[in-house]
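In what follows, a single structure is set out as structure tokens and then discussed.
Each value in this text was obtained by applying a stated rule to the coordinates, not by laboratory testing. These numbers were taken from a predicted model, which means no experiment stands behind them. Here the Cβ is made from the backbone with ideal geometry for all residues, glycine too, and neighbour counts use every protein chain on show.
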Amino acid sequence: MGKKEKKYYMIKEDILPESILKTAIAKEMLARGDAEDIQDAVNKLKMARSTYYKYKNGIISFFNADNLEIINISLLLEHMSGILSGVINCIASFNGNILTINQNLPLHGVAYVTLSISVEEMTISADGLINRLGELKGVRSVEVIGKS
């Protein structure tokens, strides 16, 4: 007799019992480093350690992009070796996290590149980053085309 296939459900947090919700929060605290260990997490949440162990394998947080700060930028780059690398290094130097890169084929010596960048931990403002990127050799134009 084979094992019964597991089913998964997506449930809004406001209908979860408190013990299951606190278990999910404890797991998130541990993943982010907001708690030193399981005991620290359950103490902070005022829950029993046994409750955490009872539910820890049954609750998985669903990724929520609502909390991300993302800018989408469009660049016009000269078709020369290393230009895109310079853009990426510039963004990384300010702790920007590139989520997506879309580059068109070069036409007439230039290529359009679209980047989605998480700016949550950046050490420079988005405007400051745009200005810095615009100063790079081989970058003809930079503009913000969206924000989430």
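Ordered by the number of other Cβ atoms lying within 10 Å of each residue's own Cβ, fewest first, 61, 116 fall into the sequence 61, 116. Calculated on C-alpha atoms, the gyration radius of the stretch 40-125 divided by its Kirkwood radius gives an Rg/Rh of 1.27. For the stretch 13-55, the C-alpha radius of gyration sits at 1.04 times the compact-globule guess of 2.2 N^0.38 Å, with N the residue count. Sorted fewest first by neighbouring Cβ atoms within 10 angstrom, 119, 144 come out as 144, 119. Using alpha carbons only, the radius of gyration of the chain set against its Kirkwood radius gives Rg/Rh = 1.18. Remark: 113, 87 ranked as 113, 87, counting other beta-carbon atoms within 10 Å and listing the fewest first.
What is the calculated FRET efficiency for residue 147 to residue 92, with r their C-beta to C-beta distance and R₀ = 25 Å, to the nearest 0.05? Once the sixth-power term is evaluated, E becomes 0.80. Here the Karplus relation 6.51 cos²θ - 1.76 cosθ + 1.60, evaluated at θ = phi - 60°, turns the backbone of the stretch 74-80 into coupling constants of 10, 10, 10, 10, 5, 7, 9 Hz, with x for every Gly and Pro. Suppose R0 equals 30 Å; then what is the FRET efficiency for residue 28 and residue 79 from their Cβ-Cβ distance, rounded to the nearest 0.05? That pair, residue 28 with residue 79, gives E of 0.10. Peptides 25-31, 131-137 ordered by packing proxy, namely the average of other Cβ atoms within 10 Å per residue, highest first: 25-31, 131-137.
Less than 5 angstrom separates the built amide H of residue 69 from those of 119, 120, all sequence-distant by 5 or more or on a different chain.
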